[in-house]
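Read through the structure below, which is laid out as structure tokens, and then see the notes.
The values are calculated or read from the model by the stated rules, or taken from the named source; none is laboratory data. In this text, all values refer to a predicted model and were calculated from it rather than measured experimentally. Glycine also receives a Cβ, built like all others from the backbone with ideal geometry; neighbour counts cover every protein chain displayed. SASA here: full protein model, heavy atoms, side chains in, ligands and nucleic acids out. Shrake-Rupley method; radii C 1.70, N 1.55, O 1.52, S 1.80 Å.
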Amino acid sequence: MNVTAEHFVTRFRTWVDSRPDHPAVVFAAEHGEGGVSGPVLTYRELDRRATAFASGLVRAELTGSRVLLLYPPGPEFTVAILGCFLAGVVAVPAPMPESGGRGDARLAGIVADAAVTQVLTSPQGSDTVRGWLHRCGLAERVGVLVESDLDGPAVPLPTPDLAGLAFLQYTSGSTSEPKGVLVTHAALAHNQSEIGRALGLGSDVRSVSWLPHYHDMGLVGQVLGPLYLGGTAYLMAPMTFLKRPYRWLRLVSVARAQITVAPDFGYALVTRRTTDEQLAELDLSCLRVVMNGSEPIHVTTLERFAARFAPAGLRAEAIMPCYGMAETTLFVTAAAAGTGFLARDVDAAALAADRLVPATPGRSYRRLVSSGRAVDFDIRIVDPAAGTPLPDAAVGEIWLSGPSVAAGYLGKPEESAATFRARLPGSTTEYLRTGDLGALVDGELYVTGRRKEMLIVNGRNLYPYDIERTIREAHPATAGGSTAVFTVGDDAAPAAIAVQEVRPADLRATDPDELIATVRRAVRAEHELHLATVVLVPTGVIERTTSGKVRRAATRAAFLADGLRVLHSTAAIPAGAE
């Protein structure tokens, strides 16, 4: 279906006029044989509440300002962000404060960076938000508004402006401090139209998501995406999924959803924790698109997920690897709908030398998954140091140009210029430097890792997630936890460090020094790399971004500051002394 890019408000209003009683948002509290129960907003009701919300924002003279959206899972967030769009207010979605104070500093930093003076939240979240503001000393200069505070007479709303800012998407900070990405309505409209075109979706679409509504994949793809197309967004709380992953696919089955999206760890978790009895209750034959948007995407995750849920009617051809980021609004590439995923075995030594060469028998190899092809982006693979384009099958930095690219970072003109306005020699086209490494082969994009997280050891380029996977597969005690691998020390002779989560109960059942020795042997055999230090920590210590990516930089900083909760650690030993 070819979708014409329109301002989100304009597009949404066409559905209000043409299908007012069609369900727009369903927040699934319970779902089973009796169907889906929970709050439902039709297009008419969502429009009524969002318009009233917007009138309140205009009366409060917030048009053109930035407001922080802190909402627990529920339909209220959708009302608020649509209200912001209608009122010409720049929304700043962010996660709710945590009761223990974790994340307080990040949220306070967003308030300062975005010059926020008002927080929008739900009645259920207001006490938590006010407690956070008091803890951070912000209560005197930052107000809190809930939907009922904005009740009042209707007022004229601004004319939708494609050039205006839709929202600030704060990056998740896997390798650096979060930055506010300036997403315009034009970029949002273009990206939404490209998603619809690439996925072949129309107004009959029903999507299911447990992703956080403040993260780009959840916000653009799963909250706003169905509304732009005129479909229905079925939403559930992230914690509901994490506690019982099966409930995600049960909702897909009951709602007869055609599309769902998750990062790699979500598919791995639901594959591992779905019982045979639960599997027997599922009918996934409705799914046309099952998107995996991680960097990297593990082929073993896709294969195991496909095999596990094939008896429930899941078609492997529905699995669609994709690639995107906040700086491009969301979507960049995806496999063609209905074709499944494409894996390529490449020579490990050649990959370490920045080339994709087909694997040959008897030599070490790596399996890479294609993230598909671009719909409306100019993709170049560029030597990150020289700024010159590279040929097919050469690994370099991924540069992108297209209408979905955001306008830059808030308040960071130099960083915005360096990141969003890069140019190739002899060209006037401006490109986004993604910071991601990858290669193009026959038009297919293979993402190999993050440039800032690359391990350079003895002149070889090693990808941390390859080493982390080897560690998790080395022993049953390491199979279920997160892993972070990084280097410290002199650049000329860096030391490789591994931090591995384990359950204390599992550690009591094995000798920790033998466990570490097993991990070291596996990494040496697979990657010819010596791990100078291996640190075992409890489950949950390694931080992840909102999309599930391991925050290696934060783990490295905690390691250097002796800030990790250590269960056991083997001191550095010389290479070859294992």
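For the range 441-462, the residues whose backbone nitrogen is under 11 Å from a point 7 Å from the Cα of Thr339, taken along Cα to Cβ, are 442-445. Within the chain, the longest run free of trypsin sites (Lys or Arg not before Pro) that sit in a DSSP loop with at most 14 other Cβ atoms within 10 Å is 424-564. Computed from phi, the 3J(HN,Hα) profile of the range 375-384 under the Karplus parametrisation 6.51, -1.76, 1.60 (θ = phi - 60°) reads 8, 9, 10, 8, 9, 10, 9, 10, 5, x Hz, with x in place of Gly and Pro. Given in Å, the Rg to one decimal and the Dmax to the nearest whole number for the Cα atoms of the range 66-177 are 14.2, 47. What whole-number value in Å² describes the accessible area per residue of the range 509-568 for a 1.4 Å probe? Per-residue accessible area for the range 509-568 comes out at 47 Å².
Based on the Kirkwood radius over alpha-carbon pairs, what value in µm²/s does the Stokes-Einstein equation return for the translational diffusion coefficient of the range 440-578 at 25 °C and 0.890 mPa s? In µm²/s, the coefficient is 159. Stretching Arg19 away from Asn461 to a fully extended chain increases their span by 153.7 nm, per 0.36 nm per residue minus the current alpha-carbon distance. What does the charge count around Ala189 come to, taking other residues whose C-beta lies under 9 Å from its C-beta (Lys +1, Arg +1, Asp -1, Glu -1)? Taking every Cβ under 9 Å from that of Ala189, the sum is 0.
Label-to-label distance, Thr117 versus His134, with points set 7 angstrom from Cα along the beta-carbon direction: 2.4 nm. Within the range 347-457, the proportion of Cα pairs with more than 18 Å between them is 53 percent.
A quarter of the convex hull surface defined by the alpha-carbon atoms of the chain gives 26.6 nm² as the mean projection. For the range 148-260, the per residue solvent-accessible surface stands at 29 Å², with DNA, RNA and ligands left out and a 1.4 Å probe. Surface composition of the chain: carbon plus sulfur atoms hold 51% of the accessible area, using a 1.4 angstrom probe and ignoring ligands, DNA and RNA. Here the simple spin-label model places points 7 Å from the Cα toward Cβ, and for Ala525 and Glu415 these points are separated by 4.3 nm.
Put a plus charge on the Cβ of each Lys and Arg, a minus charge on the Cβ of each Asp and Glu, and nothing anywhere else: the dipole of the range 153-249 about its Cα centre is then about 420 debye.
For the range 461-506, the relative contact order comes to 33 percent (Cα pairs under 8 Å, sequence separation of at least 6).
Between Thr10 and Ala349, the modelled label-to-label distance comes to 5.8 nm, taking each label 7 Å out from Cα in the direction of the beta carbon. The helix-based estimate of mean residue ellipticity at 222 nm for the chain, built from -39,500 (n - 2.57) per DSSP H run of four or more residues and divided by its residue count, is -8500 deg cm²/dmol to the nearest 500.
Computed on the chain, with alpha-carbon pairs under 8 angstrom and 6+ residues apart, the relative contact order is 10 percent.
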